[in-house]
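> One structure, pasted below without further comment.
The values are calculated or read from the model by the stated rules, or taken from the named source; none is laboratory data. What you are looking at is a predicted structure, and each value in this text was computed from that prediction instead of being measured. Cβ coordinates were reconstructed from backbone atoms using ideal geometry, including for glycine residues, and neighbour counts include every protein chain displayed. Note: accessible area is taken over every heavy atom of the protein model, side chains too, but ligands, DNA and RNA are not part of it. Shrake-Rupley method; radii C 1.70, N 1.55, O 1.52, S 1.80 Å.
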Amino acid sequence: MSAALTAMAAEVLLLLRLSLTDDAIGPREAAVLDRIAAKCLQLSPGEISLLLRSFEVQSTDREIMQARAGLRQASYTRRIILAETLFSLAGQDPELAPRSERLGVRVCDVLGLGADEVAHLSG
């Protein structure tokens with residue numbers, strides 16, 4: 001996978017991580033991230049391990065808020081692309097698909113987008 005695609009995958013997984021929980025990731029969240037990274041994004045086991053370790057370090061409120069701020073500072077177009085990509089991946093996942101409405105609310109919160117800005121993506 002090219003460096004640009006790996007970076008995009010990392011951003012999507014960071015968005016998913018922040019959308020799943022505001023706390024340190026637990027076994028359930030780690031399993032979801034691992035599954036999406038492997039099956040949907042086709043990352044290698046080494047890449048997945050590296051990303052999951054970096055997400056596990058983000059456990060304090062300050063670190064989580066910094067990660068959110070980093071995503072919110074992306075351009076509007078970039079944030080829409082991230083949301084669209086995550087909604088598409090979540091729709092393919094048997095655990096996330098039934099929770100798509102709740103996930104959509106969390107994605108909007110993380111990215112600083114209004115529900116009306118992503119309504120066409122999640123529905």
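> Those residues that are open to solvent by 10 Å² or more (accessible area, probe 1.4 Å), of a type in the set (S, T, N, Q) and in contact (Cβ under 8 Å) with a residue 40 or more places away in the chain, I need them from the range 1-22; list them, please. Lay out the reasoning, then the answer.
Keep residues of the range 1-22 that are open to solvent by 10 Å² or more (accessible area, probe 1.4 Å), which gives 1-8, 10-11, 14, 20-22.
So of that shortlist, the ones also of a type in the set (S, T, N, Q) come out as 2, 6, 21.
Selection gives Thr6 alone.
> Testing Ala37 on (1) free of Cβ contacts under 8 Å to residues at least 24 places away in the same chain; (2) over 13 Å from Ser19 (Cα atoms); (3) of a type in the set (Gly, Ala, Ser); (4) buried (at least 19 other Cβ atoms within 10 Å of the Cβ), one condition comes back false. Which one is that?
The failed condition is (1).
> Turning to a different aspect of this structure: Kindly indicate the residue of the range 50-82 that is of a type in the set (Gly, Ala, Ser) and open to solvent by 50 Å² or more (accessible area, probe 1.4 Å) and also nearest to Ala7 (Cα to Cα) among those meeting that condition.
Ser54
> Which residues, counting only those in the range 78-108, are without any contact (Cβ under 8 Å) to a residue 40 or more places away in the chain and outside any helix (DSSP H, G or I)?
Pro94
> Filter the range 28-65 for residues that are within 17 Å of Leu86 (Cα to Cα) and of a type in the set (Val, Ile, Thr) and give the result.
Listed by number, the residues that qualify are Val32, Ile36, Ile48.
> Being farther than 17 Å from Ile25 by Cβ, touching a residue at least 24 places away in the same chain (Cβ under 8 Å) and in contact with a Phe, Trp or Tyr (Cβ under 9 Å, 6 or more places away or on another chain), is that true of even one residue in the range 65-77?
No; the residues of the range 65-77 include none that is farther than 17 Å from Ile25 by Cβ, touching a residue at least 24 places away in the same chain (Cβ under 8 Å) and in contact with a Phe, Trp or Tyr (Cβ under 9 Å, 6 or more places away or on another chain).
> Give the number of residues within the range 3-32 that are in contact with a Ser or Thr (Cβ under 8 Å, 6 or more places away or on another chain), part of a helix (DSSP H, G or I) and modelled with pLDDT under 90.
1
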